[in-house]
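Q: Dropping the structure in here first, questions after.
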Amino acid sequence: MGLTTVSGRKGIVTAPHRLAAEAGLSVLQDGGNAVEATVAVAACLAVVYPHMTGIGGDGFWVIHEPDGAVHGIHGCGGAAGAISLAMYAGLEAVPFRGPLAANTVAGTISGWAAALAGAGGSLPLDRLLRDAIAYAEAGVAVTAGQAAIAEAKGPELRVQPGSYAAIFEPEGRPLRRDDVLRQPALAETLRRLCDEGLESFYTGALAADIAADLVALGSPVSAADLAAHVGTRPEPLTVRFKDARLWNSAPPTQGFASLVILALFDRLEADVADGFAHVHGLVEATKQAFLLRDRHVGDPAFAAFDFQGLLDDAAALDALAAKIDPACALPWPQPPQWGDTCWFGAADGEGRVASAIQSTYFEFGSGLVLPKTGITWQNRGSSFRLAESGWNALKPYRKPFHTLNPALAKFDDGRVMAYGTMGGEGQPQTQAALFSRYARFGTDLQEAISAPRWLLGRTWGDQSTTLKLEDGFSPELYAALEAAGHAVERVGPLTATMGHAGAIVRHPDGRLDGATDPRSDGGVAAW
């Protein structure tokens with residue numbers, strides 16, 4: 001695998017594309033803070049990793065301030081005000097692609113604005129977006145992973161209305177590895193954000209162009225929907241894990257499930273990293289957490305469940321942990337959740353640590369690329385249920401269930417850790433794997449990410465609900481899991497199916513450590 005933990009003292013950035021990590025580091029070197037660097041990374045990823053993220057999607061943040069305070073930001077859009085079940089008459093579900101999939105407001109830019117408003121930074125927006133604009137204008141080489149996705153998804157994307165084919169298949173075929181992807185319309189949109197302000201995405205001249213394209217392409221999202229949107233600052237959920245406190249995003253994200261998994265595992269016996277008790281314990285904790293998630297997590301305006309109350313209730317967590325059989329697997333599956341995304345993080349020398357994640361949901365979202373602006377619009381609202389009521393039912397202004405969840409931990413010894421991954425169902429599981437390896441078993445940070453992983457259920461291009469394991473675990477582990485009743489599926493060597501993870505740790509003495517995923521095109525940049 002070849003990767004080692006990277007260290008620095010003045011600043012560090014990790015991202016699933018090395019150019020984005022370098023863009024964030026350059027902001028830190030120019031006097032920016034971790035939040036400003038994270039915005040630079042987010043903008044750069046929207047350009048160089050457009051199959052996974054973009055400014056036409058949603059984003060979530062958890063930020064640790066130098067004084068120890070932790071707060072969250074939701075750049076999460078709701079369904080169009082004019083949305084109705086009648087629009088989907090004759091369909092069994094919201095489509096994954098096309099105009100009716102583009103049914104929610106994109107909240108990512110509002111998340112950037114909220115983060116920067118409270119960051120106390122000094123750099124102008126045109127500096128933060130400089131590298132993203134340059135890569136969109138001059139072009140960037142397509143990676144092998146991007147080329148594979150473009151080839152696989154091309155048939156369902158090139159037929160969508162808008163500019164997908166013109167931008168991503170300019171020669172009448174999917175872009176191949178080392179071809180140059182140029183996005184001049186997106187470059188101009190980023191310049192307009194610098195000139196007109198981030199708010200122009202929702203209320204300015206830029207918003208008018210966005211709305212006009214959405215209407216022309218058949219999306220139900222209107223100018224009024226854009227104007228009504230604001231980023232929000234709900235308190236992150238939190239729970240204890242032995243000698244650390246963990247935070248993650250509140251609903252409508254599955255951050256609750258991520259915290260429950262680790263809280264339950266904290267109550268189980270396990271003596272060695274990647275042994276049977278470790279892997280089985282986390283898989284079974286995942287099942288308990290997902291059962292809760294799928295009953296309760298969605299737009300908090302439509303839910304009465306006390307998520308933080310459960311996380312604060314040691315007896316309730318004890319009871320859930322007691323449901324886990326240390327020797328046998330709970331029968332599975334449950335319906336899987338989909339989604340692909342980008343997690344990234346940054347830390348500065350002042351003690352600020354940012355954990356952020358943003359996504360257009362499926363690869364290239366709805367497939368609608370707006371001609372005037374070059375924005376790829378998300379299909380997050382395809383997760384809505386076509387039902388009159390109940391969990392995640394499609395309703396005007398309702399926010400859909402989100403797989404996105406950025407994680408952060410503060411250890412009692414003063415370490416602060418930001419970590420996360422892309423990967424739908426896999427996000428909470430990968431978070432649990434890398435955090436438990438590092439925090440409970442003392443595994444090196446990079447090794448905690450590079451080591452083989454597992455996945456219960458579906459993520460990134462797979463619809464089965466088996467327990468998938470990469471190669472590299474001990475032969476005894478595979479046999480023991482099968483004997484315990486797990487539907488084990490071997491998936492070969494390291495694969496993007498397991499997500500693109502990353503992590504940053506700030507130590508009490510000021511040292512900054514960072515790690516990236518060999519399954520991605522990522523990098524860590526530090527100084």
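The values are calculated or read from the model by the stated rules, or taken from the named source; none is laboratory data. Owing to the predicted nature of the structure, the values given are computational and were not obtained by experimental measurement. Ideal geometry is used to build each Cβ from the backbone, glycine not excepted, and the neighbour counts take in all protein chains shown. We work out accessible area using only protein heavy atoms, side chains counted, and drop any ligands, DNA or RNA first. Shrake-Rupley method; radii C 1.70, N 1.55, O 1.52, S 1.80 Å.
Q: Please sort 275-285, 194-204 by packing, taking for each peptide the average over its residues of neighbouring beta carbons within 10 angstrom, highest first.
A: Packing proxy ranking, top to bottom: 275-285, 194-204.
Q: Rounded to the nearest 0.05, what FRET efficiency do Ala89 and Ala208 give with R0 = 41 Å and r taken as the Cβ-Cβ distance? Could you check? Walk me through the intermediate numbers first.
A: Values: r = 30 Å, r/R0 = 0.74.
Plugging the Cβ-Cβ distance into 1/(1 + (r/R0)^6) gives 0.85.
Q: Rounded, prolate or oblate: pick one for the range 186-282, where a ≥ b ≥ c are the square roots of the eigenvalues of its C-alpha gyration tensor, a/c under 1.5 means rounded, and failing that, prolate if a/b is larger than b/c, else oblate.
A: prolate
Q: Roughly speaking, to the nearest percent, how much of the chain's 1.4 Å accessible area is carbon and sulfur?
A: The C+S portion of the solvent-accessible surface of the chain is 53 percent.
Q: With a/c under 1.5 counting as rounded, go ahead and sort the range 372-527 into rounded, prolate or oblate using the C-alpha gyration tensor (a ≥ b ≥ c being the square roots of the eigenvalues; past the cut-off, prolate if a/b is larger than b/c, else oblate).
A: Because a/c hits 1.5 or more and a/b fails to exceed b/c, the range 372-527 counts as oblate.
Q: Normalising by the residue count of the chain, find the relative contact order in percent from Cα pairs under 8 Å and 6+ residues apart.
A: 26
Q: Now, a different point. log10 I(q)/I(0), Debye, Cα-only the range 242-314, no solvent, q = 0.26 Å⁻¹?
A: Treating every Cα as an identical point scatterer, log10 I(q)/I(0) equals -1.23.
Q: Shifting gears a bit: Just order 412-420, 102-110, 397-405 by mean Cβ neighbour count inside 10 Å, highest at the front, would you?
A: 102-110, 397-405, 412-420
Q: Now a separate question. Residue farthest toward the positive end of the dipole of the chain, with Cβ of Lys/Arg at +1 and Asp/Glu at -1: which of Leu512, Pro161, Cys328?
A: Selected residue: Pro161.
Q: Over the range 395-441, one equal point on each Cα, no solvent: what is log10 I(q)/I(0) by the Debye formula at q = 0.15, 0.28 Å⁻¹?
A: -0.49, -1.05
Q: Need one number: convex hull volume per residue for the range 280-375, Cα atoms only, in Å³. Each step should come with its number before you reach the end.
A: Numbers: hull volume 20.3 nm³, N = 96.
With only Cα atoms used, the range 280-375 gives 212 Å³ per residue.
Q: How many angstrom lie between the C-alpha centres of the range 282-318 and the range 108-145?
A: 35
Q: Starting from a Cα-only point model with no solvent, please compute log10 I(q)/I(0) by Debye for the range 2-121 at q = 0.11, 0.23 1/Å.
A: Evaluating at q = 0.11, 0.23 Å⁻¹ gives log10 I(q)/I(0) of -0.49, -1.35.
Q: I need the shape label for the range 371-428. Rule: rounded when a/c is under 1.5, else prolate if a/b > b/c, else oblate, with a, b, c from the alpha carbon gyration tensor. Don't skip to the end; give the middle numbers.
A: Working: a/c = 3.07, a/b = 1.67, b/c = 1.84.
In terms of gyration-tensor shape, oblate.
Q: Here are a few candidate values for Kirkwood radius over Cα pairs in Å: (1) 24.4; (2) 25.3; (3) 22.6. Which one was actually calculated from the structure I just gave you?
A: Checked against the structure: label (3).
Q: Oh, and also: Skipping prolines and chain starts, which residues have an amide H placed within reach, meaning under 5 Å, of the one on Glu489, given they are 5 or more residues away or on another chain?
A: Close amide H contacts, sequence-distant or interchain: Leu467, Lys468, Leu469.
Q: A further question follows. Whole number in Å², please: accessible area per residue of the chain, 1.4 Å probe, ligands, DNA and RNA not counted.
A: 32
Q: In addition: For Lys287, go through the lysines and keep the ones whose alpha-carbon is under 28 Å away, minus same-chain ones fewer than eight residues off.
A: Filter leaves Lys242, Lys323, Lys399, Lys410, Lys468.
Q: Same structure again: What order do you get for 300-308, 231-239 when each peptide is scored by the mean count of other beta carbon atoms within 10 Å, highest first?
A: Order by mean packing, descending: 231-239, 300-308.
Q: Relative contact order for the range 43-184 using alpha-carbon pairs under 8 Å, separation at least 6, rounded to a whole percent?
A: 26
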